Amino acid sequence: MSLDHNHLIGKEAILLLLNNENKLSDNVKKLDWKYCKGKVGSMNGQKVVAAVETAAKNKEIIQSGLYRETHAMYHAIMEALSGVTRGNNQIGAVLRTVGLQFAIIRGNPYDNGKEGEWIAVAFYGTIGAPVRGLEHEAIGLGINHI
C-alpha cells in the first residue's frame, strides 16, 4: 500500500488555491474529492482557525458532530499556519497580521481505499506588520489523516 502519485492531495490543494479561476483539476473531479476555497484576514490566530473550520463544516467537508474529523481539520490547519508563520503560530501577540486565501481538499491519496481519507489545507497570502504595504507573501500546507 503506497501513496498514489496521481492522487497527491497536498499538491491538488495548492493548485486549487493558486488557480484564480477556481477550476478543479481533472484528477480531483475524477476522484470526486470534497473541496472548498475561502479567505480570511486577521491579527487573531483563533479567527483564522475558526474561518477554515467553519468553511469546512458549511461545505460538508467535515461533520461537526464527529470529533475525529474536527480534530484532523484542526491539525491540518495548524500545520499549514505553521508554514505561513515560519513555525511560530503567533500572529497578533507579536504584532503580525495575515491576509490569506485557503483551499481545503478531502480524499484518499493512496492506491488502497482501506487507507481512509485525508484532509489537506493550503494557505497563500500575506503576513507582516499591521500596516498596509509592510507585509510579504507566505504559503503553508497541512495534511492530516481523518
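Rule-based calculations on the coordinates, nothing more; no lab input. Since this is a predicted model, take the numbers as computed values, not measurements. A quick note on method: Cβ atoms are made from the backbone with ideal geometry, for glycine too, and the neighbour counts reach across all protein chains shown.
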(request) List the number of the failed condition for Asn112; all other conditions in (1) without any contact (Cβ under 8 Å) to a residue 60 or more places away in the chain; (2) more than 11 Å from the chain's Cα centre (by Cα) hold. (result) (1)
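Taking Thr97 as the residue in question, decide whether it is surrounded by 14 or more Cβ atoms within 10 Å (Cβ to Cβ), hydroxyl-bearing (Ser, Thr, Tyr) and either within 13 Å of Gly125 (Cβ to Cβ) or more than 14 Å from the chain's Cα centre (by Cα) (or both).
Spelling it out, Thr97 is indeed surrounded by 14 or more Cβ atoms within 10 Å (Cβ to Cβ), hydroxyl-bearing (Ser, Thr, Tyr) and either within 13 Å of Gly125 (Cβ to Cβ) or more than 14 Å from the chain's Cα centre (by Cα) (or both).
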(message) If I go through the range 29-82 residue by residue, how many of them are touching a residue at least 60 places away in the same chain (Cβ under 8 Å) and aromatic (Phe, Trp, Tyr)?
(response) 2
(request) Please enumerate the residues belonging to the range 17-53 that are of a type in the set (A, V, I, L, M, F, W, C), in contact with a helix residue (DSSP H, G or I) (Cβ under 7 Å, 6 or more places away or on another chain) and surrounded by 16 or more Cβ atoms within 10 Å (Cβ to Cβ). (result) Leu24, Val28, Cys36, Val40, Val48, Val49, Val52
(request) Could you check, for the range 102-117, whether at least one of its residues is over 18 Å from Ile146 (Cα atoms) and surrounded by fewer than 17 Cβ atoms within 10 Å (Cβ to Cβ)? (result) no
